[in-house]
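Student: Okay, handing you the structure first.
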Amino acid sequence: MVVYIDLIFLANLFIDAVLLMVTAWMRKIRPVWWRLLTSAGIGAMYVVMMFVPELSFLFTFLIKLALSVIMLLVAFGFGSMQKYLRTMGAFYMINFVAAGGILGMHYFLQNTGELFNGIWYTASGGMSFELKIAFWFILCAFGGVMLFFRIVQSSKQRTERMSGFLGQVQVWIGQDHIECTGLLDTGNQLYDPLTRTPVMVMEAALWESHLPASWLRKCSEGNADQLVMELGDESFSWQDRVRLVPYRGINRNHSFMLALKPDRVEVMMNGVHFVHHRVLIGLDGGTLSAEGKYRAIIHPDVTAQEEGSADTNQKQDAHIGEHFTESG
């Protein structure tokens, strides 16, 4: 059997460097490239040592643990015990994910014959497995597993960041009320240009049992301005509450949005209850969230009350994205 030490060294150098980079990304650490490369080199040299019979005593649990400690110290430094232990936990978790992902992909692609050819029984009746994974398969599978892990983690982090800006919304008109989940958008600068009343946007589908079907259809088609000609054609109990608000969307096109004047809007966010009486509810004919996580865009003025002052700085610094802006 021929063993290419240089190839093994370079492969492990690459794998260790990627593992350390993903650890730094997960822990939000900005690594120094030469320290990270030095740490990966230490890990790669350790693998090469397994081919030296005189150094077989190095391949024990305590030595492996000590090596991981040294690698993390070289790559990221110490800082504090709490910070270091969290980094070590992230490093080991990523290693286990990578190893489990490679094994999972290996067995997933095996056929029945290959699987049973790798199983054999010992004289005592025990079962053993012979594991043979191609070198290039390990590299390709490792890259795929790390990419998938990063995508999943990024999605999880986005969801966690967004959860702090989600709240329960209740809109009251007389005895009727509509309830849904809303997203606080600090970039929302949509106001009624005449009264300077803030406009909170909701999906028109939430109001389908209260509005004429033709109105909902025109909202979905983006023809809300044509409703001015139909206000007297259909009887509608909330007709005196209807407004048309000009706005400019993300694509900078000017249009009109159908809006309702409610009696009050209640928002429960991060344990704080907000009540606002001076607000309009703009109706959007589409879907605000493709994943269905929220169905309303909360105007920042709705939560700009005294009891919410503890979170004011956080809300001002965060910017989810500009959905609607005032037409000017």
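The values are calculated or read from the model by the stated rules, or taken from the named source; none is laboratory data. These numbers were taken from a predicted model, which means no experiment stands behind them. Here the Cβ positions follow ideal geometry from the backbone for every residue, glycine too, while neighbour counts run over all protein chains shown.
Student: Would you mind telling me which numbered condition in (1) modelled with pLDDT of 85 or more; (2) under 31 Å from the mean Cα position of the chain (by Cα); (3) within 27 Å of Gly144 (Cβ to Cβ); (4) surrounded by 16 or more Cβ atoms within 10 Å (Cβ to Cβ) Arg30 fails?
Tutor: All conditions pass for Arg30, except number (4).
Student: Suppose we filter segment 180-204 for residues that are modelled with pLDDT of 85 or more and in a strand (DSSP E or B); how many remain?
Tutor: So the answer is 12.
Student: Oh, and also: Search segment 86-103 for residues that are more than 15 Å from Asn12 (Cβ to Cβ) and pair each with any residue that is outside any helix (DSSP H, G or I) and of a type in the set (D, E, K, R) when their beta-carbon atoms are under 9 Å apart and the residues are at least 6 apart or on different chains.
Tutor: If the second residue must be outside any helix (DSSP H, G or I) and of a type in the set (D, E, K, R), the pairs left are Arg86/Arg27; Thr87/Arg27; Ala90/Arg27; Phe91/Arg27.
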